[in-house]
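Reviewing the structure listed below.
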Amino acid sequence: TAPTAPTARTVSTVPAPIPAAVAPAIVTSRPSRKRKQAAQVPVAPLPAVVAPAAVQTIVLTIQDEQGTLLKVKAFTNTPFSTIFGAWCKQKNRVLSDLQFVAKSRTLESHRSPGDYGLSEQDTIVVQAKR
C-alpha cells in the first residue's frame, strides 16, 4: 500500500448548532399580527393581615426548690431556653436536670412567656425532673 498524504483540516465558518436549552433565549421570533386578548380573571381581595400581639417587656419571678426567688427581665417573645439558660448559669445548675412549671403546666423551652400568657404576677417554679 502506498503511504497516504496527510490531509489538511478544513475550518468551517458555519456556527455550531445552538443547544435546545439556550435556543429560546437567542432566537427571536416575529411577533404575531393577531394579538389574543388576555383573559380577565377576577382577583380576590387580599386577606386582612392579623398583627401579632405587641412584644412587651416582662419581669418573671423564678422560684427554686429552696424557695429562693430570682427576677428575670425578658421580652414576651423570648424563648424559655434563653431564660432558663440564664437562670441555670446564675444558679450553677444543669438545664437538662430541671423542669419549669407555671400555672400548673410544664413549660417547653422552645416556647415563650407570651405563648403561655404569663404576666408579672405569675411565678415559675423550678423542679427536679422525675
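The values are calculated or read from the model by the stated rules, or taken from the named source; none is laboratory data. Owing to the predicted nature of the structure, the values given are computational and were not obtained by experimental measurement. Glycine also receives a Cβ, built like all others from the backbone with ideal geometry; neighbour counts cover every protein chain displayed.
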Open item on the list: Quick check on my filter: what residues within the range 54-70 are under 20 Å from K91 (Cβ atoms), out of contact with any Ser or Thr (no Cβ under 7 Å at 6 or more places or on another chain) and either surrounded by 10 or more Cβ atoms within 10 Å (Cβ to Cβ) or touching a residue at least 24 places away in the same chain (Cβ under 8 Å) (or both)?
Closed with: V59, L60, I62, D64, E65, T68, L70
Task: Residue tally, condition exposed (fewer than 15 other Cβ atoms within 10 Å of the Cβ) and either at pLDDT below 90 or not polar (S, T, N, Q) (or both), over the range 76-89 - done: 2
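Of all residues in the range 98-130, count the ones that are without any contact (Cβ under 8 Å) to a residue 60 or more places away in the chain and either surrounded by 10 or more Cβ atoms within 10 Å (Cβ to Cβ) or assigned to a strand (DSSP E or B) (or both).
Here the count works out to 17.
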